[in-house]
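Since the structure comes first, as structure tokens, the remarks are kept for the end.
The values are calculated or read from the model by the stated rules, or taken from the named source; none is laboratory data. Because the structure is predicted, anything quoted here is derived from the model rather than measured. In this analysis, Cβ positions are derived from the backbone assuming ideal geometry, glycine residues included, and neighbour counts consider all displayed protein chains.
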Amino acid sequence: MAQSIDVVAPVPGLVASVAVAAGARVAAGDPVVILQAMKMEIVVASEHGGTVEAILVKEGEEVDLGAVLARVRTA
């Protein structure tokens with residue numbers, strides 16, 4: 001059964017880049033957003049395969065721990 005899964009920030013940080021656009025297909029493990037935190041780049045990947053329903057952040061935006069970055073509709 002299809003469902004929406006949130007992709008959340010594992011750490012607070014700055015959105016360095018958005019790797020996918022809404023409507024794109026992703027597989028489990030595919031990068032969705034790249035965060036910069038503590039002078040490191042952290043790849044935030046989709047935990048499930050499906051279609052990106054929405055990107056909820058933009059490059060340069062500061063996010064908190066647990067912030068919803070994107071939403072993926074599972075296949």
Taking the condition of being out of contact with any Ser or Thr (no Cβ under 6 Å at 6 or more places or on another chain) and at pLDDT 95 or above, how many residues in region 60-75 meet it? 11
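Is at least one residue of region 54-64 among the β-branched types (Val, Ile, Thr) and within 13 Å of residue 5 (Cα to Cα)?
Looking through region 54-64, at least one residue is among the β-branched types (Val, Ile, Thr) and within 13 Å of residue 5 (Cα to Cα).
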Which condition number does residue 52 fail, the rest of (1) at pLDDT 95 or above; (2) exposed (fewer than 15 other Cβ atoms within 10 Å of the Cβ) being met? (2)
If I filter region 39-46 for residues that are modelled with pLDDT of 95 or more and over 13 Å from the mean Cα position of the chain (by Cα), do I get at least one hit? yes
Can you tell me which residue in region 24-35 is farthest from the chain's Cα centre (by Cα), limited to those that are surrounded by 14 or more Cβ atoms within 10 Å (Cβ to Cβ), under 16 Å from residue 6 (Cβ atoms) and aliphatic (A, V, I, L, M)? 26
Considering only region 14-55, state which residues are on the phi > 0 side of the Ramachandran plot and assigned to a strand (DSSP E or B). 50
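Output the residues belonging to region 56-75 that are crowded, with 16+ Cβ neighbours inside 10 Å, assigned to a strand (DSSP E or B) and β-branched (Val, Ile, Thr).
63, 72
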Positions within region 6-23 being surrounded by fewer than 16 Cβ atoms within 10 Å (Cβ to Cβ) and touching a Ser or Thr at 6+ places or on another chain (Cβ under 7 Å), in sequence order: 23
Flagged pairs (Cβ under 9 angstrom, 6 or more apart or on separate chains; first in region 54-71, over 14 Å from residue 42 (Cα atoms); second among the basic types (Lys, Arg) and at pLDDT 95 or above) are 54/71; 55/71; 56/71
List the number of the failed condition for residue 10; all other conditions in (1) closer than 12 Å to residue 56 by Cβ; (2) assigned to a loop (DSSP other than H, G, I, E, B); (3) in contact (Cβ under 8 Å) with a residue 40 or more places away in the chain hold. (1)
